[in-house]
Number of protein chains: 2
Amino acid sequence: MKLSTKGRYGVKAMLDLAIHSSEGHIPLKSIAERQNISENYLEQLFALLRKEGIVKSIRGAQGGYMLAHDPQEITVGAILRALEGSLAPVDCVTENDPAYCDRADRCVTKFIWKKIRDKVNEVVDSITLKDLVEEYRKLNPDEGYMYYI
Amino acid sequence: MKLSTKGRYGVKAMLDLAIHSSEGHIPLKSIAERQNISENYLEQLFALLRKEGIVKSIRGAQGGYMLAHDPQEITVGAILRALEGSLAPVDCVTENDPAYCDRADRCVTKFIWKKIRDKVNEVVDSITLKDLVEEYRKLNPDEGYMYYI
DNA sequence: TAATATCCAAGTAATTTGCTTGGAATTAAA
DNA sequence: TTTAATTCCAAGCAAATTACTTGGATATTA
């Protein structure tokens, strides 16, 4: 039941991006340096985030990434699902095209997995980037503009 | 965020054991056959469950496993944590000796992981084997005594 | 035209998962 | 007393997954 580095790095990187969102486009290199994540690996994560329409990019020199929406409209859930896929604990209760199971209609344990899935989604969908930015400023009042989150 | 087969097989096997709890000791062989799980692999799972005091065993011919407590006292949470370890999505919020992190006191994302951890535990701790047995009988009124769950 | 970026597809080492194998110890029944 | 059934235990191992790295092609600005 562990998140992979994709999910963890992804939320970190998106929070970094949100905190710097007033500065225009942010190159991955700067996020990678601040958060101590491989830039090449971040590329892969941002490709997924872009495909989901969570960030937008501009190529070339002085290019970089920006949030595609306001921070209060981007949930941790959207970020995590973009990077990790469904947060369902078992494939038979994935939201879209759940894995086939011939006893699905009489399966008892399925209800457990669904409840877990729904509660996890509920939690992560209730937290937005705006919440995280505010929490960050509260916890780190001294650091003008951020290091490692 | 997926459960491994340990957790999934474990809950299945424990439900099977609960349904057959009136029959005395149940050998793993019969659970393995009914649930279509490798008997040798089940041995490893039941070693963990026994270490946690969730099942008890009798060795030798006519031996087998039994629930160590009444079904209403055994939660899905206890089973899953015995088999999967902490259900925390990130090691820094494991209940006992969380992984060290030098920015733990100023970490924003930690709150997300804690909320997920707590909700997941809440769900699985609210479901007992008794609930599952009742649900099973409701969903499978025809099958006198069980096949694949 | 040089530097800075995103974009994209493979490759790969380390780790984890999901078992299997091979036996030793214990117990009940024949 | 032997045999069969069973738990107990420690290793071994192939396949899959993870967490990257490598090596470019393409786009944009200075």
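The values are calculated or read from the model by the stated rules, or taken from the named source; none is laboratory data. In this text, all values refer to a predicted model and were calculated from it rather than measured experimentally. When we count neighbours, we look across all protein chains shown, and the Cβ atoms used for this are built from the backbone with ideal geometry, even at glycine. Accessible surface areas use protein heavy atoms only, side chains included; no ligands, DNA or RNA. Shrake-Rupley method; radii C 1.70, N 1.55, O 1.52, S 1.80 Å.
Structure notes:
- Label points for B:D125 are taken 7 Å from Cα along Cα→Cβ. From this copy to the others they lie 2.5 nm apart, shortest first.
- Shortest first, A:H69 label-point distances to identical copies amount to 4.3 nm, with the label point at 7 Å from Cα along Cα→Cβ.
- Residue mean of other protein chain beta carbons inside 10 Å, A:116-127: 5
- At 7 Å out from Cα toward Cβ: B:D142 inter-copy label distances (nm, ascending): 7.0
- For A:V55, distant residues with modelled amide H under 5 Å away: A:R50, A:A68
- Gyration tensor (Cα) of the range B:52-117, equivalent ellipsoid semi-axes in angstrom: 36, 12, 7
- Chain B - mean residue ellipticity at 222 nm from DSSP helices (-39,500 (n - 2.57) per run, n ≥ 4, rounded to 500): -15500 deg cm²/dmol
- Percent accessible area from carbon and sulfur atoms, the protein assembly as shown, protein chains only, probe 1.4 Å: 47 percent
- Going from the isolated chain to the complete set of protein chains, the range A:62-104 loses at least 30 Å² of heavy-atom accessible area (1.4 Å probe) at A:P89, A:V90, A:R103.
- In order through the range B:86-97: 3J(HN,Hα) via Karplus (6.51 cos²θ - 1.76 cosθ + 1.60), integer Hz, x for Gly, Pro: 3, 8, 4, x, 9, 5, 6, 10, 4, 4, 9, 5
- Rounded to whole Hz, the Karplus (6.51, -1.76, 1.60) HN-Hα couplings of the range B:65-73, x for glycine and proline: 10, 9, 5, 7, 9, 5, x, 6, 9
- Across the protein chains, with a 1.4 Å probe defining accessible surface, the residues B:D97, B:D131, B:D16 rank B:D97, B:D131, B:D16 from largest area downward.
- Lysine pairs with alpha-carbon atoms under 21 Å apart, the range A:1-115, spacing 8 or more or separate chains: 12
- Rounded accessible area per residue of the range B:30-149, 1.4 Å, Å²: 53 Å²
- Student exercise, the range A:86-127 dipole from Lys, Arg, Asp, Glu Cβ charges, in Debye to nearest 20: 260 debye
- Along the axis of the charge dipole computed for the range A:1-146 (Cβ charges of +1 for Lys and Arg, -1 for Asp and Glu, origin at the Cα centre), the listed residues A:I19, A:L87, A:F111 are led at the positive end by A:F111.
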